[in-house]
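Everything below concerns the one structure shown next.
The values are calculated or read from the model by the stated rules, or taken from the named source; none is laboratory data. As the structure is a prediction and not an experimental result, all values here were calculated from the model. In this analysis, Cβ positions are derived from the backbone assuming ideal geometry, glycine residues included, and neighbour counts consider all displayed protein chains.
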Amino acid sequence: MITDLGTPEAVLATVRRIAGEVAAAHADDVDTAARFPSESIGELREERLLSALVPESLGGAGMPFETIAHACFELGRRCGATGLIFAMHQIQVATIVRHLDDAPWFESYLRDLSSEQRLLASATSEVGTGGDMGRSIAAVTVDDGGSCSFEKRAPTVSYGAHADDILTTLRRSPDAEPGDQVIALTHASQMSLEPTSTWNPLGMRGTCSPGYVITARFAAEQVLPTPFARVSAETMVPAAHILWSHVWLGIATDAFDRARGYVKGLAKQRPDTRPPAALRLSQLMSELSLLRAGVESGLRDFVEVSNGDREQLATMASALRFNNLKVAASEQAPRLCQGAMSICGIAGYMNGTPYSIGRHLRDSMSASLMVANERIHDTNASLLLIAKDVT
């Protein structure tokens, strides 16, 4: 089925269908087998949703960022791995769309992404940098003929083996400082990915994110002209924190819905008595409402600034704003899932019941590790000491 994606409402209706009919149907098997959610990603590709954020002039649907965020929520609500893969893909698309800077090669790439529904991954972390995305060891090397190459040891590359293309952070040149970074886009046909680890994690098992040594040879025009420091501050970091948070909100929402279904089942058994768990359900709803409000507030702030002076996103106050969103959402989501499990009791703890919450809890626990909260707090601590205004 190919749907007309002319409006945000049509996009979200299609996403809800894929989430409910496809992603949810395969979510447990994706989790158990730690396999790529090929069915749901295939359906998103079939419906041309991988280019939803690409401008219409370049062949995409030209959807606003808010629509993408809400789509991440809907997918995360049914399958955390599908939601996170979609979110990570759209973060990379947003990076290119917002930083084209009249780069013809990247404009052509977006047309190809739209027509071929190419899946885009990223390799931003690197062994030896201590998890600091703002530093690189690997560098762009240019040979005598003008061709570029690199070799990078990445501890994780989410769905790297399934991606058509990868955005990779690198030093601008072999003699550049670690923080003088650019980002290069290479096709699968231009790369070699040598696995350095296996993938058998606690949660988010369907993201298929082992480590690789990535080697690539490519043309110089495949390096985005905009310095990575600007790309990171204005788009990649805030967009990641917002879209990830929508996925985590989706996971927590489904956990709450399962707990509510369980309590309603108890109430039907004894209609003359309110189950004691109903009080805990109400308390859990309050916590979920706080998470939802925080996530939606972050989205509104990002969109408002993006529609105005986008350079404000590079300020210390903005960095703190979106760092705090990530930390808060990543800590609240697993607490909500654990609260839902305590309401459902053994029915939530066991796999294979309508109220199972084990997958939700394990998936949400990965949130604090995606750019470790310890590192974010370390960054925030430094910013708080030097920033003049953080509100």
Quiz item: Only one of these conditions is not met by G60: (1) of a type outside the set (A, V, I, L, M, F, W, C); (2) more than 22 Å from S232 (Cβ to Cβ); (3) part of a helix (DSSP H, G or I). Which number is it?
Solution: (3)
Quiz item: Would you say S189 is of a type in the set (S, T, N, Q), over 25 Å from A161 (Cβ atoms) and not assigned by TED's automatic domain parsing to the domain that holds A319?
Solution: no
Quiz item: Can you tell me which residues in region 360-386 are out of contact with any Ser or Thr (no Cβ under 8 Å at 6 or more places or on another chain), under 19 Å from S232 (Cα atoms) and in contact (Cβ under 8 Å) with a residue 12 or more places away in the chain?
Solution: V371, A372, R375, I376, H377, T379, N380, L383
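For every residue, the table says whether it meets (1) in contact with a strand residue (DSSP E or B) (Cβ under 9 Å, 6 or more places away or on another chain); (2) basic (K, R).
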residue	(1), (2)
P210	yes, no
E221	no, no
H241	no, no
S245	no, no
W248	no, no
G261	no, no
L266	no, no
R270	no, yes
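Can you name every one of the strands (runs of 3 or more DSSP E) wholly within region 159-266 that holds 1 or more residues which are surrounded by fewer than 16 Cβ atoms within 10 Å (Cβ to Cβ) and touching a Lys or Arg at 6+ places or on another chain (Cβ under 6 Å)? Give the steps one after another, and end with the answer.
Working: elements: 165-171, 181-187, 191-195, 212-218.
Strands (runs of 3 or more DSSP E) meeting the threshold: 212-218.
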Quiz item: Looking at (1) within 24 Å of the chain's Cα centre (by Cα); (2) at pLDDT 95 or above, which is the one condition that is false for G130?
Solution: (2)
Quiz prompt | Residues of region 92-148 classified as among the acidic types (D, E), in contact with a helix residue (DSSP H, G or I) (Cβ under 8 Å, 6 or more places away or on another chain) and assigned to a loop (DSSP other than H, G, I, E, B), total | solution = 1
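Against the condition of a type in the set (F, W, Y), touching a residue at least 24 places away in the same chain (Cβ under 8 Å), touching a helix residue (DSSP H, G or I) at 6+ places or on another chain (Cβ under 6 Å) and part of a helix (DSSP H, G or I), how does F86 come out, does it pass?
Details: of a type in the set (F, W, Y): yes; touching a residue at least 24 places away in the same chain (Cβ under 8 Å): yes; touching a helix residue (DSSP H, G or I) at 6+ places or on another chain (Cβ under 6 Å): yes; part of a helix (DSSP H, G or I): yes.
For F86, the condition - of a type in the set (F, W, Y), touching a residue at least 24 places away in the same chain (Cβ under 8 Å), touching a helix residue (DSSP H, G or I) at 6+ places or on another chain (Cβ under 6 Å) and part of a helix (DSSP H, G or I) - is met.
Looking at region 53-69 only, could you name the residues that are more than 19 Å from D363 (Cα to Cα) and either within 15 Å of the chain's Cα centre (by Cα) or in the same structural domain as S306 (by TED's automatic domain parsing) (or both)? Break it down into steps so the answer makes sense when it comes.
Taking region 53-69 and keeping what is more than 19 Å from D363 (Cα to Cα), we get 53-68.
Correct list: L53, F65, E66, T67, I68.
For every residue, the table says whether it meets (1) within 22 Å of L243 (Cα to Cα); (2) in contact (Cβ under 8 Å) with a residue 60 or more places away in the chain.
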{"site": "L325", "(1), (2)": "yes, yes"}
{"site": "Q332", "(1), (2)": "yes, yes"}
{"site": "C344", "(1), (2)": "no, yes"}
{"site": "G348", "(1), (2)": "no, yes"}
{"site": "N351", "(1), (2)": "no, yes"}
{"site": "G358", "(1), (2)": "no, no"}
Quiz prompt | Odd one out for D112, checked against (1) out of contact with any Gly (no Cβ under 8 Å at 6 or more places or on another chain); (2) not assigned by TED's automatic domain parsing to the domain that holds E56 | solution = (2)
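Would you say A10 is out of contact with any helix residue (DSSP H, G or I) (no Cβ under 7 Å at 6 or more places or on another chain), closer than 22 Å to H162 by Cβ and modelled with pLDDT of 95 or more? Can you show your working first?
Details: out of contact with any helix residue (DSSP H, G or I) (no Cβ under 7 Å at 6 or more places or on another chain): yes; closer than 22 Å to H162 by Cβ: no; modelled with pLDDT of 95 or more: yes.
So A10 does not fit the description; no.
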Quiz item: Any idea which of (1) surrounded by fewer than 21 Cβ atoms within 10 Å (Cβ to Cβ); (2) in contact with a Phe, Trp or Tyr (Cβ under 7 Å, 6 or more places away or on another chain); (3) in contact (Cβ under 8 Å) with a residue 24 or more places away in the chain; (4) not hydrophobic (A, V, I, L, M, F, W, C) is the one R280 doesn't satisfy?
Solution: (2)
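May I ask you to verify whether S382 is modelled with pLDDT of 90 or more and among the small types (G, A, S)?
Values: modelled with pLDDT of 90 or more: no; among the small types (G, A, S): yes.
Against the criterion (modelled with pLDDT of 90 or more and among the small types (G, A, S)), S382 does not qualify.
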Quiz item: Give me the pairs: first residue in region 136-148 and outside the structural domain of R217 (by TED's automatic domain parsing), second residue surrounded by 12 or more Cβ atoms within 10 Å (Cβ to Cβ) and at pLDDT below 95, beta-carbon distance under 7 Å, and six or more apart or on different chains, which are they?
Solution: none
